[in-house]
Amino acid sequence: MASRIRLEDRECPLSTTVEHVGEWWTLLILHDAFDGYTRFDQFQENLGISSSMLTTRLKTLVKDGLLERRPYQTSPVRHEYVLTEAGRSLRPVIVALAAWGNSRLAPDERSMILVDANSGEQVEPVVVDAKTGRRLDDSDAYVFTAGPAASDAMRDRYTKGPTPSAEGA
């Protein structure tokens, strides 16, 4: 499949991440994997996904190193799909996406909530800076800038800022 990332965005971590996990079914398969599903028939039954689409998505998740395909039965050979360390590291992203979706609903309209496994109390996920504990949802306080491996084009993007649009002129 041809890449959907624009040539100039190949170094952007957001663009390359979306290339791996931005497809609808991929996020749902990962969500099921976090809930303990590992087998093809479990994913298919729970998601109502066609076998061809599921096969394609699972192959991509394995190729991208997010799931590992392991045999669990020998006669006939059957495989399960287990999260890798890279796959498990996406859990906070999935949790944050679900929390964002829930934040747009009234509490009584939420079909799935995150709770503390020990107390059963509902929790509200937020993204924070690991060093300071400060929330990162303030786009004035936290901004992106070019990193050490940035190309000249990426450095220009963050040095010059956005080009004024015709509407703002």
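Between segment 28-82 and segment 99-121, the C-alpha centres lie 26 angstrom from each other.
In terms of the Cα gyration tensor, with a ≥ b ≥ c the square roots of its eigenvalues, is segment 93-138 rounded because a/c is under 1.5, prolate because a/b exceeds b/c, or oblate? Don't jump to the answer; show the numbers that get you there.
Details: a/c = 2.50, a/b = 1.44, b/c = 1.74.
Oblate, because a/c is 1.5 or more while a/b does not exceed b/c.
Each residue of segment 24-34 was assigned a 3J(HN,Hα) from its phi angle through the Karplus expression (A = 6.51, B = -1.76, C = 1.60, θ = phi - 60°), giving 3, 5, 4, 4, 5, 5, 4, 4, 4, 4, 5 Hz with x at Gly and Pro.
Does segment 10-91 come out rounded, prolate or oblate, given a ≥ b ≥ c as the square roots of the eigenvalues of its C-alpha gyration tensor, rounded meaning a/c under 1.5 and, failing that, prolate meaning a/b above b/c? Note, shape of segment 10-91 comes out prolate.
Which sequence of Leu90, Leu58 reflects their accessible areas, 1.4 Å probe, from the largest down? If you can, show how the numbers build up before the last one.
Values: Leu90 30, Leu58 0 Å².
Ranked from most to least accessible, the order is Leu90, Leu58.
Annotation for segment 87-169: chymotrypsin sites (Phe, Trp or Tyr not before Pro) lying in DSSP loop with at most 13 further Cβ atoms inside 10 Å of their Cβ are Tyr142, Phe144.
What full-extension length gain, to one decimal in nm, is calculated for His79 and Ser103 as 0.36 nm per residue of separation minus the Cα-Cα distance?
On the way: separation 24, 0.36 × 24 = 8.64 nm, distance 3.72 nm.
Net length gain for the segment: 4.9 nm.
Each of Val123, Val77 has its accessible area taken with a 1.4 Å probe; listed largest first, they run Val77, Val123.
Dividing the helix sum by the residues of the chain, where each DSSP H run of 4 or more adds -39500 (n - 2.57), gives a mean residue ellipticity at 222 nm of -11500 deg cm²/dmol.
Among Thr84, Thr17, what's the order by accessible area (1.4 angstrom probe), most exposed first?
Working: Thr84 30, Thr17 65 Å².
So the residues, ranked largest to smallest area, are Thr17, Thr84.
Glu80 sits with roughly 40 Å² accessible to a 1.4 Å probe, with DNA, RNA and ligands left out of the calculation. Computed with every protein chain present, the accessible area of Val126 is close to 70 Å² [probe 1.4 Å].
In sequence order, segment 59-65 has phi-based couplings of 4, 5, 5, 5, 4, 7, x Hz under the Karplus curve 6.51 cos²θ - 1.76 cosθ + 1.60, θ = phi - 60°, and Gly or Pro positions carry x. Around the amide H of Arg110, modelled in the peptide plane, lies no amide H under 5 Å away from a residue 5 or more places distant or on another chain. Under 5 Å from the amide H of Glu80 lie the amide H atoms of Arg70, Tyr72, each residue being 5 or more positions distant or on a separate chain, with H modelled from the backbone and absent for Pro and chain starts. Here Ala153 and Lys63 are evaluated by their C-beta separation; at R0 = 35 Å the FRET efficiency comes out at 0.80. Remark: segment 49-55, residue by residue, has Karplus-estimated 3J(HN,Hα) of 8, 5, 5, 5, 5, 4, 4 Hz, where x stands for each Gly or Pro and the curve is 6.51 cos²θ - 1.76 cosθ + 1.60 at θ = phi - 60°. Put simply, the amide H of Val127, placed in the peptide plane, has neighbours under 5 Å in Leu136, leaving out anything fewer than 5 places away on its chain.
Set the Förster radius R0 to 35 Å, insert the Cβ-Cβ distance between Glu124 and Tyr72 as r into 1/(1 + (r/R0)^6), and round the FRET efficiency to 0.05. Present the calculation step by step, with values, prior to reporting the outcome.
On the way: r = 37 Å, r/R0 = 1.05.
Using R0 = 35 Å, I get an efficiency of 0.45.
What size of dipole, in debye to the nearest 20, comes out for the chain about its Cα centre when the only charges are +1 on Lys and Arg C-beta atoms and -1 on Asp and Glu C-beta atoms?
Details: 20 positive and 25 negative charges, 120 e Å.
Magnitude of the dipole: close to 580 debye.
Among Arg91, Arg69, Arg135, which one shows the biggest mean-square fluctuation in a GNM of the chain, springs joining Cα atoms closer than 10 Å? Taking springs between Cα atoms under 10 Å, the residue moving most is Arg135. An oblate overall shape is assigned to segment 59-169, the ratio a/c of its alpha-carbon gyration tensor axes (a ≥ b ≥ c) being 1.5 or greater and a/b not exceeding b/c.
The values are calculated or read from the model by the stated rules, or taken from the named source; none is laboratory data. Please read all numbers here as calculations on a predicted model, not as lab measurements. Glycine also receives a Cβ, built like all others from the backbone with ideal geometry; neighbour counts cover every protein chain displayed. Ligands, DNA and RNA are excluded from the accessible area calculation, which covers all protein heavy atoms including side chains. Shrake-Rupley method; radii C 1.70, N 1.55, O 1.52, S 1.80 Å.
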